[in-house]
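Visitor: Before anything else, here's the structure in question.
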Amino acid sequence: EAYVRTGRRDDAEAVLGDLERWAARAGSAREHGQVAWCRGMLAPVGEHDAHFAEARLLLEPYPTLRWRSDLHHLRRLLDEGRHAAAATVADRLVADARSVGLLGAVDQVHRLQRDHGIPVPDPVPSTSVLSVDDLRVALALAEGADVEEVAALLQLTPRAVEVVRDRVMALLGVGAPEQLVGFLPPARSAPTPVAAVVRVLGPTVVHRGAQQLVPPLGRPAVVLALVATERAVPVERVLEILWPEVDPARSRSRLRNVLARLRAAIGPVVERAGDRLVLAAGVEVDARRFDRLAEQALRAPAEQALACTEEALAAWQGEPLPAWPYEDWALRARHRLVRRCVAVHARRAEILAAHGAVGAALDELELAVGLQPDAHDLWERAVRLAEADERVGRAKALRRRAADHDVELR
């Protein structure tokens, strides 16, 4: 793409040849779809429609790649002055962007049309696609706080604040944080200081300001981790987990003692709400924040994906709930969170590979299979990528590691 846009056609054709050989070895629709897309970029005037149509068909399971291929088709149509055909492709791009939640993609289509003198509606910035974390950061910055102050207020890293700031400003089309005021509804979304953060990624502790508080070992720690992981837990279920063979009347009395010990050690973090145990107002959980950031990263368009995946992975501070390796409630939560992290690594690898950063993409895939050694498709992807880039030694090492985990590769 970079070679085509800078007029280096010979280099672009050389890369296309490499891609064709890679697709021939890999044999999947994804690789063949990318080859058709590149052929469309290089085809003579008026001869690219068939290539882009083939790419769209093959990339149907990969909406982000399909959307990018269609965007290049739109660019070629506009460059050739075929405005009627371009309008059809533009409408499809807008519909696809909205259906899969590609943030900022509609504006990208409209900017391309405006650059070619085609009138389109002015964009209407909206905060409806912003997460709670995004709004908290944006509002604090809009009110004049600096990055360090916002990081301390919301218990984020300064880098995470900068990533959110840049994403929100790009989405709303403003050039400075103070210009966000007109777009953000302060009455509905005013940032509230976080009273405490429960960490369940890595050892379970509570951060309250600069303090790190450790829950008492045993049942108090189980209660804290269980409520932090599941948000609201019926008391009956807590009793079954803590004292499965004890009479309910006796176990309820014991639970009151456990909650009292927990409160004495870490403060008012877990509360009773009717027949459930819940987290107190203002208490955040690191795993929930990771979940929100991972969801954003997996839905982000290609141009935002690297920053979004970086922010999500920065929130991953270690294995979930390591103190309870065999308990059913912890196993379920750990399995879900690990798979989420693996998906973010895989998404980041996809974007890096698409930008030619093969070494970094392989690093991400190795981190992913380290978390989920039975992920056969990721082992296959890593080996194919290494071999396609002629990294023979690394490909052999990946095959050996896969065999160590009883994963058979082609």
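Rule-based calculations on the coordinates, nothing more; no lab input. Just so it is clear, the structure is predicted and the values come from calculations on it, not from any experiment. Cβ coordinates were reconstructed from backbone atoms using ideal geometry, including for glycine residues, and neighbour counts include every protein chain displayed.
Visitor: Would you order His207, His32 from fewest to most other beta-carbon atoms within 10 Å of each residue's own beta-carbon?
Guide: The most exposed by this proxy come first: His207, His32.
Visitor: State, to one decimal in nm, how far the label point of Asp11 lies from the label point of Thr88, with both points 7 Å from Cα in the Cβ direction.
Guide: With each label point 7 Å from Cα toward Cβ, the separation is 3.5 nm.
Visitor: Using 7 Å Cα-to-Cβ label points, what is the Arg263/Val120 separation (nm, one decimal)?
Guide: Going by the 7 Å Cα→Cβ label model, 5.7 nm.
Visitor: Let me ask something else. How large is the Kirkwood hydrodynamic radius of the stretch 196-281, counting all unique pairs of alpha carbons, in Å?
Guide: 13.0
Visitor: Along the Cα→Cβ direction, 7 angstrom out, place labels at Glu327 and Arg400. What is the inter-label distance in nm?
Guide: Calculated label separation equals 4.0 nm.
Visitor: Now for a different question. Rg over Rh of the stretch 307-389, using C-alpha atoms and the Kirkwood radius, what does it come to?
Guide: The Rg/Rh ratio comes out at 1.03.
Visitor: Another question, if that's okay. Taking the Cα centre of the stretch 285-404 as origin, work out the dipole magnitude from +1 charges on Lys and Arg Cβ and -1 charges on Asp and Glu Cβ, in debye rounded to 20.
Guide: 160
Visitor: Semi-axes, largest first, in whole Å: what does sqrt of 5 times each Cα gyration tensor eigenvalue give for the chain?
Guide: Over the Cα atoms of the chain, the ellipsoid semi-axes are 46, 29, 17 Å.
Visitor: For each of Glu20, Glu162, count neighbouring Cβ atoms within 10 Å of the residue's Cβ, then give the residues from fewest to most.
Guide: With the fewest neighbours first, Glu20, Glu162 line up as Glu20, Glu162.
Visitor: Expressed in whole Å with the largest first, what are the equivalent ellipsoid semi-axes of the stretch 253-410 derived from the C-alpha gyration tensor as the square root of 5 times each eigenvalue?
Guide: Those come to 39, 19, 10 Å.
Visitor: Continuing with this model, one more query. Let's test the formula: R0 of 45 Å, r as the Cβ-Cβ distance of Arg339 and Arg254. What FRET efficiency results, to the nearest 0.05?
Guide: 0.80
Visitor: While we're on this one: Can you give the three extents of the C-alpha atoms in the stretch 187-330 along their principal axes, from longest to shortest, in whole Å?
Guide: 58, 37, 27 Å, listed from the longest principal axis down.
Visitor: So how much slack lies between Glu149 and Ala354, counting 0.36 nm per residue of separation and subtracting their Cα-Cα distance, in nm?
Guide: Going from the current span to full extension adds 70.2 nm.
Visitor: Suppose the chain between Arg111 and Ala281 were pulled fully straight at 0.36 nm per residue; how much longer would it get relative to their current alpha carbon spacing?
Guide: Roughly 56.9 nm would be gained on extension.
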